[in-house]
1. I51's amide H: which non-local residues (gap 5+, or another chain) put their own amide H closer than 5 Å, with H modeled 1.01 Å from N in plane and none for Pro or chain starts?
2. Which residues' amide hydrogens lie under 5 Å from the amide hydrogen of S157, considering only partners 5 or more residues apart or on another chain, with H built in the peptide plane?
3. Any chance you could run the full-extension gain for D440 through D237? It's 0.36 nm times the residue separation minus the Cα-Cα distance, nm to one decimal.
4. With r as the distance between the Cβ atoms of E496 and R194 and R0 = 51 Å, compute the FRET efficiency 1/(1 + (r/R0)^6) and round to 0.05.
5. At 222 nm, what value in deg cm²/dmol follows for the chain if DSSP H runs of at least 4 each add -39500 (n - 2.57) and the sum is divided by all its residues, to the nearest 500?
6. Taking +1 at the Cβ of each Lys and Arg and -1 at the Cβ of each Asp and Glu, which of Q168, G50, P513 sits farthest along the dipole of the chain towards its positive end, judged by Cα position relative to the Cα centre?
7. Largest first, how would K217, K279 line up by accessible area (1.4 Å probe)?
8. For segment 187-192, what does the Karplus curve 6.51 cos²θ - 1.76 cosθ + 1.60, with θ = phi - 60°, yield as ³J(HN,Hα) per residue in whole Hz, taken in order and with x for Gly and Pro?
Amino acid sequence: MTVRPDHWWRHAVFYQVYPRSFADSDGDGVGDLDGVTAHLHHLDALGVDGIWLNPITVSPMVDHGYDVADPRDVDPLFGGITALQRLLTAARARGIRVVMDVVPNHTSSAHPWFVEALRSAPGSPARDRYFFRDGRGPGGNRPPNNWISVFGGPAWSRVTEADGRPGQWYLHLFDAAQPDLNWDNPDVLADFARTLRFWLDRGVAGFRIDVAHGMAKPPGLPDMPTTDVGLLAHRDDDPRFNRPGVHALHRAIRAVVDEYPEAVTIGEVWVHDNAEFAKYLRPDELHLGFNFRLVQAGFDAAELRDAIDNSLAAVGLVGATPTWTLANHDVERAVTRYGGGAVGLARARAMALVLLALPGVLFVYNGEELGLPEVALPDAVLQDPVWERSGHRNRGRDGCRVPLPWSGSVPPFGFSTTTRTWLPMPADWAELTVACQDGDPGSMLALYRRTLRLRAEHPPGAGLSWLPSPDAVLAFRCGDLVCVLNAGEHPAALPEGTVICASGPLTGELLPPATAAWMT
Ligand code: NOJ
């Protein structure tokens, strides 16, 4: 196996900024890029190496930027391209790199290509950039196949043709406002390559590639074996994703990115099977891939160990670098996922120590460093298209996207100057603000800062070895650091060594339940 060169990103800690929710500089209730620039000191104090920005390009915001109408401009809502330039300059001055989200699988229905396709006849070159098909059954009034949208409902919508009659159907694996691109059409790669170069030329450090396991579709678009897959869940036998043809596309994308030797690509790869996952990380495909096994594991030693082992085994197949995360903008906040309340918080603190001890690349989703819980929002304010498309069966992802509390004792907690924030902020978040946690050595923020500093002092290296431990305890060594997590119900003995950090108070020589410690 080839030894990969040691690039900056191979040990990087990335902070994921959901731009709508990080900080609002202009008082419209929606976060923006000048808001990020104004709060870079927060990221500096955390000690992160890079920022991953969720989509900021021009968009009707049906899926908050994952519906791209112009991939080579910044939406005015976020301050336009000059705001990005200000952010890039300020971040560079602090040694923080900025990675952007790009969305190759689909565009917005407001993208000029799709608008042109709707105006064009069936079989036209404009329609060939997407998946337009005749329907099945009498009058073509049934969708072309049984595929369902990841957000719920059918993956096909019918258009009205120029003569005013119901016509062809187009494919959208997500919202109807996100038509899937046909990557067999050469225009699609040519345009995507232009987009990559456009941003790399402007100083962006790389890309998080949305739905990197999508893009390629099987010839003939065969039916799904089962449509009972659950929202936002992916199965390995699903014809909508992870088709063999996707790898040629990644090789073509990589060839463009390799024109910029420092640039990094991180794919969103919802593929469970290790061998299949590893294919995306071959030396001429993606640099990095999100592995979601840790996010999917409960607070259980066996599950966590299995998630860590499998994530390492997957990248080990091709000599790639592992990536780890406990949360992002698509999943429930960690504090809530681990049980909520004081228990959830204690477990999330312990899991922060596990995360930050792991070898490779880390992603911290904004607000995790504050221990924010998922917010139970009222129906009337929900914005995620999942809510409508699932027929109100799934509340969607808004609960993990509520704006960040910075200071003060009432909403909007310094996030904005208006109380009319794009999602309402809970009135009881005063103790979760950055300002409040800043001065408290026992806070989640202090824990993240301390452990990130210690991680820099004790780099985990490349390997991980398990140490003997009782069933309910995880103990592993990375570099000169030992991390011990007690996921059980009884205090556990600590191995030999010196505790340099703990997620909660120790009981004498014992590690209490829902607590982790770092030792040297
Ligand atoms: C994955 C993104 O993380 C998610 O937020 C988005 O809705 C879908 N891809 C569609 O682009």
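1. Correct list: Y15, R97, V98, V99.
2. Sorted by chain and number, the residues that satisfy this are Y170, H172.
3. Roughly 68.2 nm would be gained on extension.
4. The pair R194/E496 has a calculated efficiency of 0.35.
5. -7500 deg cm²/dmol
6. Value: Q168.
7. The ranking, largest first, comes out as K279, K217.
8. For segment 187-192, the Karplus curve yields 4, 5, 5, 4, 6, 5 Hz.
The values are calculated or read from the model by the stated rules, or taken from the named source; none is laboratory data. Since the model is a prediction, treat every value here as computed from it, not as a measurement. Every residue, glycine as well, gets a Cβ built from its backbone with ideal geometry; the counts of neighbours run over all protein chains shown. Just the protein is used for accessible areas: all its heavy atoms, side chains included, with ligands, DNA and RNA removed. Shrake-Rupley method; radii C 1.70, N 1.55, O 1.52, S 1.80 Å.
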